[in-house]
Amino acid sequence: MHLKDMSELADQPCTPCGGGEPALKGPALESYLTQLAHDWQVVDEHHLMKNYTFPDFAQALAFVNRVGVLAEELGHHPDIYFTWGKVRIEIFTHKIDGLAQADFVLAAKCDRALKTA
């Protein structure tokens with residue numbers, strides 16, 4: 001991963017998918033994945049997933065709240081799983097039942113939200 005690439009991805013607008021385009025597959029997915037932190041995973045060419053760990057409940061909850069505010073601002077809502085000291089985020093575009101560029105942008109913005117704690 002190149003930190004510059006991740007930062008550039010996080011700076012892009014999270015443009016909603018209209019549903020008329022195909023989901024990203026193969027090399028296109030890999031190209032975007034290389035622009036994210038190394039711990040993001042593409043699962044079955046369908047969704048992005050990342051696990052975050054925190055030293056306690058309060059810090060995990062604060063991160064969930066930051067991602068929630070971000071998701072509302074962008075109109076792009078990830079699945080968020082939260083428990084003591086752990087948060088898992090899964091992202092995909094429902095309209096195409098797969099991944100679009102906006103999903104990778106949201107993933108980079110989630111990582112940025114972690115750093116702005």
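The values are calculated or read from the model by the stated rules, or taken from the named source; none is laboratory data. Everything numeric in this text was worked out from a predicted model, so none of it was measured. Using ideal geometry, Cβ is built from the backbone for each residue, glycine included, and neighbour counts are taken over all protein chains shown.
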Exercise. Mind checking which pairs have a first residue in the range 80-98 that is within 15 Å of residue 42 (Cβ to Cβ) and free of Cβ contacts under 8 Å to residues at least 60 places away in the same chain and a second that is in a strand (DSSP E or B) and of a type in the set (A, V, I, L, M), Cβ under 6 Å, 6 or more apart or different chains?
Worked result: 89/80; 90/49; 91/48
For this session: For the range 61-108, name all the residues that are charged (D, E, K, R) and touching a Cys at 6+ places or on another chain (Cβ under 7 Å).
Result: 95
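Restricting attention to the range 1-54, and to residues there that are of a type in the set (Lys, Arg) and modelled with pLDDT of 85 or more, which single residue is surrounded by the most Cβ atoms within 10 Å (Cβ to Cβ)?
Step one: filter the range 1-54 for residues of a type in the set (Lys, Arg), giving 4, 25, 50.
From what is left, the residues that are modelled with pLDDT of 85 or more are 25, 50.
Working: 25: 11, 50: 19.
Ranking the candidates gives 50 first.
Is it true that residue 59 is surrounded by 12 or more Cβ atoms within 10 Å (Cβ to Cβ), modelled with pLDDT of 85 or more and of a type outside the set (Phe, Trp, Tyr)? It would help to see each step written out before you state the result.
Details: surrounded by 12 or more Cβ atoms within 10 Å (Cβ to Cβ): yes; modelled with pLDDT of 85 or more: yes; of a type outside the set (Phe, Trp, Tyr): yes.
Yes, satisfied.
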Problem set entry | Scan of the range 79-89 for residues that are closer than 15 Å to residue 60 by Cβ and touching an Asp or Glu at 6+ places or on another chain (Cβ under 9 Å), ordered by number | 80, 81, 84, 85, 88, 89
Problem set entry | Filtered residues of the range 49-92 (kept if closer than 17 Å to residue 106 by Cβ, polar (S, T, N, Q) and out of contact with any Lys or Arg (no Cβ under 9 Å at 6 or more places or on another chain)) | 65
Seminar exercise, completed: Every listed condition ((1) surrounded by fewer than 16 Cβ atoms within 10 Å (Cβ to Cβ); (2) at pLDDT 95 or above; (3) not acidic (Asp, Glu)) holds for residue 95 save (2)
Problem set entry | Pairs where the first residue, in the range 23-36, is under 16 Å from residue 106 (Cα atoms) and the second is part of a helix (DSSP H, G or I) and among the charged types (D, E, K, R), C-beta under 8 Å, 6+ apart | 34/5; 35/5; 35/8; 36/111
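For the range 63-73, indicate whether the set of residues that are touching a Phe, Trp or Tyr at 6+ places or on another chain (Cβ under 7 Å) and modelled with pLDDT of 95 or more is non-empty. Before the answer, list the steps.
Taking the range 63-73 and keeping what is touching a Phe, Trp or Tyr at 6+ places or on another chain (Cβ under 7 Å), we get 63-64.
Of the ones still in play, those that are also modelled with pLDDT of 95 or more are 63-64.
So far as the range 63-73 goes, yes, one or more of its residues are touching a Phe, Trp or Tyr at 6+ places or on another chain (Cβ under 7 Å) and modelled with pLDDT of 95 or more.
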For this session: Output the residue which, of all residues in the range 75-117 that are in contact with a His (Cβ under 8 Å, 6 or more places away or on another chain) and of a type in the set (Gly, Ala, Ser), is farthest from residue 54 (Cα to Cα).
Result: 98
